[in-house]
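The values are calculated or read from the model by the stated rules, or taken from the named source; none is laboratory data. This one's a predicted model, so the numbers in the text were calculated from it and none came from an experiment. Positions of Cβ are generated from backbone atoms using ideal geometry, with glycine treated the same way; all protein chains shown enter the neighbour counts.
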C-alpha cells in the first residue's frame, strides 16, 4: 500500500481510492469510513465519487480534522516495529535449532531467554 494512503488515513481525511477489493481497501474502509472506494475500471463511479465529495465538502469543513486515534495506535512506528519483530522472531526461531550457526545468533537468542 502506498504511503499517500497512509498519510491520508493518518490525517483522517476522506480519500478517493481507485483500488481493487483486498487488504488495502479493507484498511481504508476501517480507518476512513467516509472515503470513496471505487474500482479501477469504472470512470463513472470515479466521477460520481468526486461530485459527492464536492457536495460533502462544506459538511466536512465543520468537523475537526484530527488524526484517527485507532489508526495512529495500529500504525505508529512503535506498533509496526513490534509487528515486524514478531515476524522476524517467528521466522528465525520457529523451530528449535540444534546448534547456533553463528556466535551472534546464539547471543541474540540467549538475551531473549
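For the reader, a short list of remarks on this structure follows.
- Residue under evaluation residue 1, criteria (1) exposed (fewer than 12 other Cβ atoms within 10 Å of the Cβ); (2) part of a loop (DSSP other than H, G, I, E, B), criterion not met: (1)
- Within region 16-36, the set of residues being outside any loop (DSSP other than H, G, I, E, B) and touching a strand residue (DSSP E or B) at 6+ places or on another chain (Cβ under 8 Å) comprises 16, 17, 24, 25, 28, 29, 36.
- Any hit, region 37-46, residues being in a helix (DSSP H, G or I), surrounded by 12 or more Cβ atoms within 10 Å (Cβ to Cβ) and at pLDDT 85 or above: yes
- Filter result for residue 13 (touching a strand residue (DSSP E or B) at 6+ places or on another chain (Cβ under 6 Å) and either surrounded by fewer than 16 Cβ atoms within 10 Å (Cβ to Cβ) or touching a residue at least 12 places away in the same chain (Cβ under 8 Å) (or both)): no
- Only one entry in 22, 26 is under 15 Å from the mean Cα position of the chain (by Cα) and modelled with pLDDT of 90 or more, namely 26.
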